[in-house]
Structure formats: structure tokens, C-alpha cells
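Below is one structure, written out as C-alpha cells; comments come after it.
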Amino acid sequence: MYEKYLLQLEEAGKIRNLKERSINCYKNYVSYFLNYMEKHPEELTCQDVRDFLLAKKDDGLKATTLNLYNSAIRFFYRNVLHVLWDDITVPRMIIEHKLPTVLSTDEIGRLLDATDDLKYKAMFATMYSSGMRVSEVIHLHYDDISRTNMQIHVRDTKNRMDRYTILSERNLALLTEYWFRKGRPKGILFPNQFTGQYLTVSTLEQVIRRSASAAGLSGVTPHCLRHSFATHLMEQGVEQRNIQALLGHRDPKSTEVYLHVSNKSLMGIRSPFDRKDGTANG
């Protein structure tokens, strides 16, 4: 019933050069919304979206997920239905910004030791040692690893900005071992063993949960490795602007969060309450 409209949504995404992953997400969210409302698309209003989001909030969906629905449906309304969007009727929800989960170096070691499959162990080590996103590691190719410059060329990034990040010696040794033992892949560095295509993010999420459980850790996601990389660099005294460049953050505020989770004692910061003269203003 809605196939025509979903095809128009796909076309609208392509003409704007959206990533295929983004287009597919939009289609999935909009398809769910349309089936939920059971109305002809031409009859939909912004009030319908408001009612839908409130119902999903009552069902327990988080604000981050609801805002993804908001973005997808807003794109559909504006570019397919050509309906004027009302940000007052359908505002974006305020997100609670919680501090990221950061693993200690000991916990990183336990996680890697608990990962039996060499491919996933190499992928997790790459994420931690270079600060790459899980989607970026999935899309690595053999030629992206520069042994000469000890750098990794990061392509297909979230913000469409190619960058270079560091290649650690320990990680290079692990990647080399993986490469020889897994048939020396020349294209996709970490291919799906059955299809030869890219792995999915959900696959790595499942594997890391199993490894974390075996290591006695909880609440671990692939993104924790990126958070840990940035936090540990900040604790080493690496300048924030350099960490920002390695992470590929456009906005320096995105990097500032690691100031709040880094170990302040390692950064030489002392509380004014511990001043030797013992003076304090009342």
C-alpha cells in the first residue's frame, strides 16, 4: 500500500546524496509510522506525528530513538508529501547527556583476552588503539593500513570527512597475524566469512557482549572502545585539538566530554580543599 511512497522517499534521499544506511533507516522508521497510523499518507498531519511519538514514549522508547523517528518522518513530510513541518507541534525531544562508559587498560586487556575469534579481537583492538567508530572499522580495506607511516586511512565516516588516525605497533602485529591466518584479504579487511561483504554493526555488538560477559564486564559496547581511546589519550596529556582530529569530530564540544571522565589525578589537578596552607573562603 505504501510502496510508492517509500520509493519516493528513497529517491529523495539519493538526490540529496544521503548514505545508503541513512536512507534505509528512514524507510524503516517511516514504514513503521505509516503502518501504525493506518491512514492514507496524503491525509497525515503533524498532529498525527505528535500523537504517534507520545504513544511511543509511553511505550518506553527513549528520546534518542524518538528523535530518529522525528528526523525520518520530517524528511518524509517535507520531501515526499510536501507537507509544511511544524516544529512547535512536533519538537525534538531533549536528550539526557550521560557520561560515556570508559574501560580501564586492564579491562581492555581482559576483553581482548576473552575474544577467541582472531578477526573480532583484531577489530576490537583497532577500535581501541585508533579511536575508530565501529562502522569505520567494518569498512576498512587492506590498503587503508599504512605500515610505512603507521597510520590508518579512515573512509566512509559518519560526517563524510576522510581522516588519518594512528596505527599502534601492537595493533599492527595483531592485524598482521590476523591477515596471514585469515587468507590475506586484499579488499575488505574484515569480510563476512559467508558472503565476503561487510559485517554489520549488530554482529560486532553481539560478539562484544559475549566477550564482555566472559571477561566479567557489563554495559560494554563497541563505542566504549572509542571512548576509552580518547579518555586515555587525554589522561596522557595529549592536547584536546589533536584528540579531536584523531576522532574526526567537527565540533570541539564533542571532544570536551572526555575531560569529565578522565582521571583528574593523572592530569595533575588537585582539589583546592587540599591546599597546604589550609585556607578557605567562607
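The values are calculated or read from the model by the stated rules, or taken from the named source; none is laboratory data. Not measured: the values here are computed from a predicted model. With ideal geometry, Cβ positions are generated from the backbone for all residues, glycine too; neighbour counts draw on all protein chains shown.
Any residue at all in the range 138-157 that is loosely packed, with under 15 Cβ neighbours inside 10 Å, assigned by TED's automatic domain parsing to the domain that holds S254, among the hydroxyl-bearing types (S, T, Y) and touching a residue at least 40 places away in the same chain (Cβ under 8 Å)?
Checked the range 138-157: at least one residue is loosely packed, with under 15 Cβ neighbours inside 10 Å, assigned by TED's automatic domain parsing to the domain that holds S254, among the hydroxyl-bearing types (S, T, Y) and touching a residue at least 40 places away in the same chain (Cβ under 8 Å).
Output yes when any residue across the range 69-76 is in contact (Cβ under 8 Å) with a residue 60 or more places away in the chain and not basic (K, R), and no when none is. Give the derivation first.
Of all residues in the range 69-76, those in contact (Cβ under 8 Å) with a residue 60 or more places away in the chain come to 75-76.
Adding the requirement that they be not basic (K, R) leaves 75-76.
Yes, the conditions are met somewhere in the range 69-76.
Check every one of the helices (runs of 4 or more DSSP H) wholly within the range 61-179 and list those with 3 or more residues that are at negative phi and of a type in the set (G, A, S). Step through it out loud before you land on a result.
Numbers: elements: 63-76, 105-113, 118-130, 134-138.
By residue number, 63-76, 118-130.
Could you tell me whether any residue of the range 185-205 is part of a helix (DSSP H, G or I) and hydroxyl-bearing (S, T, Y)?
Going through the range 185-205, the residues part of a helix (DSSP H, G or I) turn out to be 201-205.
With the extra rule that they be hydroxyl-bearing (S, T, Y), the set shrinks to 202-203.
Yes, some residue in the range 185-205 is part of a helix (DSSP H, G or I) and hydroxyl-bearing (S, T, Y).
Please work out if S202 is surrounded by fewer than 13 Cβ atoms within 10 Å (Cβ to Cβ), of a type in the set (S, T, Y) and within 19 Å of M132 (Cα to Cα). Working first, answer last.
Working: surrounded by fewer than 13 Cβ atoms within 10 Å (Cβ to Cβ): yes; of a type in the set (S, T, Y): yes; within 19 Å of M132 (Cα to Cα): yes.
It is true that S202 is surrounded by fewer than 13 Cβ atoms within 10 Å (Cβ to Cβ), of a type in the set (S, T, Y) and within 19 Å of M132 (Cα to Cα).
Scan the range 1-23 for residues that are loosely packed, with under 13 Cβ neighbours inside 10 Å and in a helix (DSSP H, G or I) and jot them down. Explain how you work it out, then say what you get.
At the first step, the residues of the range 1-23 found to be loosely packed, with under 13 Cβ neighbours inside 10 Å are 1, 3-4, 7, 14-17, 20-21.
Listed by number, the residues that qualify are E3, K4, L7, K14, I15, E20, R21.
What are the residues in the range 24-44 that are exposed (fewer than 14 other Cβ atoms within 10 Å of the Cβ) and part of a loop (DSSP other than H, G, I, E, B), if any?
Listed by number, the residues that qualify are E38, K39, H40.
Which one of these does E96 not meet: (1) within 22 Å of the chain's Cα centre (by Cα); (2) modelled with pLDDT of 95 or more; (3) of a type in the set (D, E)?
E96 satisfies every listed condition except (2).
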